[in-house]
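Just below is one structure, and these are the notes that go with it.
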Amino acid sequence: MRSAIRRPTLPARRRRKSVRWPHRCAKYLADDAVFRFANADEVIGRDNIEAALGAFYDSIKALSHERQGLYEVDDTSVVWSDVTYTKFDDSQLTVPVVTIVKRNDDGLIVDYRIFMDATPLFA
């Protein structure tokens with residue numbers, strides 16, 4: 001069953017993220033949202049998640065997503081993508097990523113999880 005919650009959608013084309021993206025993302029988070037990236041510890045709370053995302057974006061030059069698929073069931077979206085990370089030495093790495101997002105009745109994200117093998121990115 002699909003929910004009537006309005007969701008911001010990203011186009012299937014590749015998108016380059018800017019350094020302001022964490023701030024723009026934060027407005028879609030509930031105050032008590034939970035975020036987990038790869039096998040890192042959970043981050044709890046909008047401001048903490050914004051800071052964690054900001055620190056991550058500071059560690060790379062750019063990234064882009066090529067969405068491969070999307071499932072939506074009730075309040076949960078599952079997206080799988082090929083994500084290309086550009087490092088500061090201009091080398092690039094493309095890895096498969098699955099993102100799971102759960103929203104509350106107001107459409108705000110309460111659970112945000114990114115599953116990927118981040119080892120090659122930080123090697």
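FYI, it's all coordinate maths here, none of it is from the lab. Keep in mind that this is a model prediction, so the values were computed, not measured. Because the Cβ atoms are built from the backbone with ideal geometry, glycine has one as well, and the counts that use them run over all protein chains shown.
Results, tabulated for the structure shown:
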| item | result |
| --- | --- |
| Cβ-derived FRET efficiency at R0 30 Å, Ile44 paired with Thr119, nearest 0.05 | 0.75 |
| Packing rank of 47-55, 86-94, where each peptide gets the mean count of other beta carbons within 10 Å, highest leading | 47-55, 86-94 |
| Of Gly54, Ala30, Leu93, farthest towards positive along the dipole that unit charges on Lys, Arg, Asp, Glu beta carbons give region 21-117 | Leu93 |
| Simple label model, 7 Å out from Cα along Cβ direction - Glu66 to Arg24, nm | 2.2 |
| Distance from region 87-101 to region 19-76 (C-alpha centre basis), Å | 14 |
| Normalised contact order of region 21-117, rounded percent, pairs of Cα under 8 Å and 6 or more residues apart | 28 |
| Overall Cα dimensions of region 11-123 - principal axes, largest extent first, Å | 42, 28, 24 |
